[in-house]
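Okay, so here's the structure we're looking at.
The values are calculated or read from the model by the stated rules, or taken from the named source; none is laboratory data. None of the values given here were measured: they were computed from a predicted structure. Neighbour counts are summed over all protein chains in view; Cβ atoms, including those assigned to glycine, are modelled from backbone coordinates with ideal geometry. What goes into the accessible areas is simple: the full protein's heavy atoms, side chains included, and nothing from ligands, DNA or RNA. Shrake-Rupley method; radii C 1.70, N 1.55, O 1.52, S 1.80 Å.
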Amino acid sequence: MARLSLGIDCGSTTTKGALFDGETVVKTILLPTAARPRERMGQIYDAMYSSEVEYVVTTGYGRELLPQAHKRVTEITCHAKGAAYLCPGIAGVVDIGGQDSKAILLDRDGNVADFVMNDKCAAGTGRFVEMMGRILDCPLDEIDAFTKDAKPVDITSMCTVFAESEIISLLAQGRARGDIALGVIRSICQRTALFAQKLRPEGDLFFSGGLARFEVFRKTLESYIDWPVHTHPRSQMAGAIGAAIIGWQKIR
């Protein structure tokens, strides 16, 4: 019988689960968190737990909400572990989440050496992108095509509330929606790069979180941060994968 560990990452926007067998991520699940983090964690646990699962680790905002968890670990540690697994040899991680953004410096063994975090302002997070998409009538999954060949408009506001007003004003001036969207993306990536550069990583970076699915975010972030930035098809699952890896280490 296979031996497995289960990692569950409950974020503000999505809740993710990952099963790990010591070498391979054998299964992942993603659900929208909405206003039901406890329910979502329970759903993922019920869908992924079996007699083969020997250890369960939770992380993220809702990590305290699953009674069956053997261990609860901060998202900083889990994102570092997951990113180092998905992209071996990286020097650091940049994560843009639903309500915060963070940069993590790794040591040569892939452990956390230092980190910085922005959890005070939504203007550099996924919430800002959701607001932009709603105003510009742009589905988030289509953001790469939406901004193709666009010429970015400068977004000067450093606050989500004022930026929303600025976007509405730009629309009233007849500016193209794609140009405004690319301007918002540049604003987010520029702010993220400014605090990530404080860590002075000496090597390539890994971009995790939901926005890492989109090439326009990766390329824009890379242009500001001055280091190669990598992603992976499972970038959004990095926290859950890291939690599962930590669980496997406990089994060992």
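In whole percent, and with a 1.4 Å probe on the protein chains, what portion of the accessible area of the chain is carbon and sulfur?
Numbers: 5690 of 11630 Å².
The value for the chain is 49 percent carbon and sulfur by accessible area.
Pop a pseudo-label 7 angstrom from the Cα along the beta-carbon direction at both Arg108 and Lys219 and give the gap in nm to one decimal.
Distance between the two pseudo-spin positions: 3.6 nm.
Pairs of alpha-carbon atoms within less than 8 angstrom and 6+ residues apart define the contacts here; what relative contact order does the chain have, in percent?
Values: 555 pairs, mean separation 65.2, N = 252.
Value for the chain: 26 percent.
Whole number in Å², please: accessible area per residue of the chain, 1.4 Å probe, ligands, DNA and RNA not counted.
Ligands and nucleic acids excluded, the figure is 46 Å² per residue.
Please give the net charge around Glu164, taking every other residue with its beta carbon less than 13 angstrom from that of Glu164, where Lys and Arg add +1 and Asp and Glu add -1.
Details: positive: Arg127, Arg134; negative: Glu130, Glu166.
Neighbour charge sum, excluding Glu164 itself: 0.
Roughly what would the spin-label model give for Ala47 and Phe195, points 7 Å off Cα along C-beta, in nm?
Taking the simple label geometry, Ala47 and Phe195 are separated by 3.1 nm.
Loop only by DSSP, 13 or fewer other Cβ within 10 Å of the Cβ. Give me the trypsin sites (Lys or Arg not before Pro) in the range 124-167 that pass, ordered by residue number.
Details: sites: Arg127, Arg134, Lys148; in loops: Lys148.
Filter output for the range 124-167: Lys148.
Residue-wise, which Karplus ³J(HN,Hα) couplings in Hz belong to the range 175-185, taking 6.51 cos²θ - 1.76 cosθ + 1.60, θ = phi - 60°, and x for glycine or proline?
5, 5, 4, x, 5, 5, 4, 5, x, 5, 4
Take Leu140 and Ala172, extend 7 Å from each Cα along the Cα→Cβ direction, and tell me the distance between the two endpoints in nm.
2.8
When you count, for each residue, the other Cβ atoms within 10 Å and take the mean per peptide, how do 137-146, 230-239 rank with the highest first? Let's see the in-between values first.
Values: 137-146: 14.3, 230-239: 22.1.
Going by the mean number of other Cβ atoms within 10 Å, highest first, we get 230-239, 137-146.
Give the total of Lys-Lys pairs in the range 89-231 with Cα-Cα distances below 22 Å; include a pair only if its members are 8 or more places apart or on different chains. Before the final figure, lay out the partial values.
Values: Lys102/Lys120; Lys102/Lys198; Lys102/Lys219; Lys120/Lys198; Lys148/Lys219; Lys151/Lys219; Lys198/Lys219.
For the range 89-231, qualifying lysine pairs total 7.
With everything on Cα atoms, drop me the angle between helix 37-48 and the longest principal axis of the chain, reported from 0 to 90° to the nearest 10.
Between the helix axis and the principal axis of the chain, the angle is about 50 degrees.
Which of the peptides 165-175, 57-67 is most tightly packed, and how do the rest follow, judged by the mean count of other Cβ atoms within 10 Å per residue? Show your work: numbers first, answer last.
Numbers: 165-175: 13.4, 57-67: 22.0.
Taking the mean over residues of other Cβ atoms within 10 Å, the ranking is 57-67, 165-175.
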